[in-house]
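Starting off with a structure, shown below.
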Amino acid sequence: MACFLVSAAEAVVVTAVEKAEEKKELQAIETGVAKEIEVKVPLSRKLKWLTYMLWGGAVLLAFEHVWHGEVVPWFPFLTAMSDPADAAEMFHEMATVGVTMAALITVVWLGMCKAADAIVKRPVGRNAARFM
């Protein structure tokens, strides 16, 4: 009914954090405070991955809810909000399904970050010998 709102809310928060982190990284580079050039994936880029995943999931779920008539273009926009009993069911779905989906997306993102860090830190010589 409205489970996509949970992912969208997390995406808004992560987008704000991403922009702040990006600004902080740029300031560190400009002032020369940044450490030596180290090979790693910046946190702002990792947060951008999470943002894309969350927004993509929210848009896809919103489209599915529009398709099934649960979201309409007139107030109150969510058909479940017109009846208090349906609203309680909607909030329960948001608390269970929506939070679970957002948490699963975040866990998958954490796995992606760990894999990216492992790939970037891999020694160059080990792979080069294999391809010769």
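The values are calculated or read from the model by the stated rules, or taken from the named source; none is laboratory data. Everything numeric in this text was worked out from a predicted model, so none of it was measured. Backbone-built Cβ (ideal geometry, glycine too); neighbour counts: all protein chains shown. Accessible surface areas use protein heavy atoms only, side chains included; no ligands, DNA or RNA. Shrake-Rupley method; radii C 1.70, N 1.55, O 1.52, S 1.80 Å.
Of the residues that make up region 90-107, is at least one in contact (Cβ under 8 Å) with a residue 24 or more places away in the chain, polar (S, T, N, Q) and either under 30 Å from Lys46 (Cβ atoms) or in contact with a Lys or Arg (Cβ under 9 Å, 6 or more places away or on another chain) (or both)?
yes
Quick grid of which residues meet (1) within 29 Å of Trp109 (Cα to Cα); (2) outside any loop (DSSP other than H, G, I, E, B); (3) open to solvent by 40 Å² or more (accessible area, probe 1.4 Å):
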residue	(1), (2), (3)
Val39	yes, no, yes
Leu47	yes, yes, no
Leu54	yes, yes, no
Val59	yes, yes, yes
Glu64	yes, yes, yes
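Report whether or not Ala85 is outside any loop (DSSP other than H, G, I, E, B) and either open to solvent by less than 40 Å² (accessible area, probe 1.4 Å) or at pLDDT 90 or above (or both).
Details: outside any loop (DSSP other than H, G, I, E, B): yes; either open to solvent by less than 40 Å² (accessible area, probe 1.4 Å) or at pLDDT 90 or above (or both): no.
Considered against the rule, which asks whether it is outside any loop (DSSP other than H, G, I, E, B) and either open to solvent by less than 40 Å² (accessible area, probe 1.4 Å) or at pLDDT 90 or above (or both), Ala85 comes out as no.
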